[in-house]
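Enquirer: I'd like to ask some things about the structure below.
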Amino acid sequence: MAAVCMGLIGRDGTDECMQIPELVERTGISRPTLGKIINALARKKLVKTRRGVGGGVRLVHSVEQVTLYDLCVAFEDPVIECHCSFGFGHCVEEGPCPPGCLCVAQHSKHLEYLKNTTVLDVAETMSPRLKEAACLAKRSRRKC
C-alpha cells in the first residue's frame, strides 16, 4: 500500500501537498492505517509531511524516480534477497546450488521487475481497483 499511496501523492506532478482526507477517499484505507503508512514513509525520508493549513504529504523524489526496489531496500524487505528453492538457504555464486540454478534466474527477473516498476506504475495499475475499494468503504458507512 505504501507504493500505491506514494504513486497517488505524486501522480498530479505538482509539488503541492496532498491532504490526508483526500488520500483516504482515493484509497479507501482507514485513516489510522494510512497514518501508519505515511509515518513509515516519512521515517524513511520518502515523503515529507506538514501540519496545519495547507499541510499534507508530498514526495521527496519525483514519482517516476521511486521504484518498488527502492521501497524494498528502504524497508529492508527480504524479498530482495535470493533464497534457494531447494532449501539450501541464500543462493550464492559458489555454494551448494548447481550452476544455473533456477531460483537464481528467477530472482534476477524478480529484481529486474522491482527496479523497472515505479510507484506511479503501481498507482496507475491499481487506480480502478482503488476506486472500487473506496466506494465499498464508503458504502459500509453510507450509500455510494
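Enquirer: Below 15 angstrom from the Cβ of Glu76, what's the summed charge of the other residues (Lys, Arg +1; Asp, Glu -1)?
Expert: Once positives and negatives cancel, what remains is 0.
Enquirer: Going by amide H atoms built from the backbone, whose H comes under 5 Å of the H on Met18, apart from near neighbours?
Expert: Val57, Arg58
The numbers here are math on the coordinates, done by the rules we state, and not lab data. Values in this document were obtained by computation on a predicted structure and should not be read as measured data. Cβ coordinates were reconstructed from backbone atoms using ideal geometry, including for glycine residues, and neighbour counts include every protein chain displayed.
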